[in-house]
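The values are calculated or read from the model by the stated rules, or taken from the named source; none is laboratory data. Note that the structure is a prediction, hence the values are computed from the model and not measured. FYI the Cβ positions are ideal-geometry reconstructions off the backbone, even for glycines, and counts take in every protein chain you see.
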């Protein structure tokens, strides 16, 4: 991210921005930062995640049953 940093007299920016008394007639640092950055969104493709979890269907069913049974105890 690029930015601009400049040290100037606060008197030079009084017409642009209202400054507190403590900053008047002093050297100040100005930082200019971008507020919007271009975000490149990658299109979601579920096929890319196929096979990521190596879980057998019967193991998954057993785990789901165990989780459901835990809730029934309360």
When the range 4-16 is checked residue by residue, the ones that are closer than 13 Å to residue 31 by Cβ, without any contact (Cβ under 8 Å) to a residue 24 or more places away in the chain and not in a helix (DSSP H, G or I) are 7, 8
With respect to residue 4, determine if the residue is modelled with pLDDT of 90 or more, at negative phi and surrounded by 10 or more Cβ atoms within 10 Å (Cβ to Cβ). no
Can you confirm whether the range 39-55 contains a residue that is modelled with pLDDT of 85 or more, outside any helix (DSSP H, G or I), exposed (fewer than 10 other Cβ atoms within 10 Å of the Cβ) and touching a strand residue (DSSP E or B) at 6+ places or on another chain (Cβ under 7 Å)? no
Taking the range 56-74 on its own, how many of its residues are modelled with pLDDT of 85 or more and part of a loop (DSSP other than H, G, I, E, B)? 0
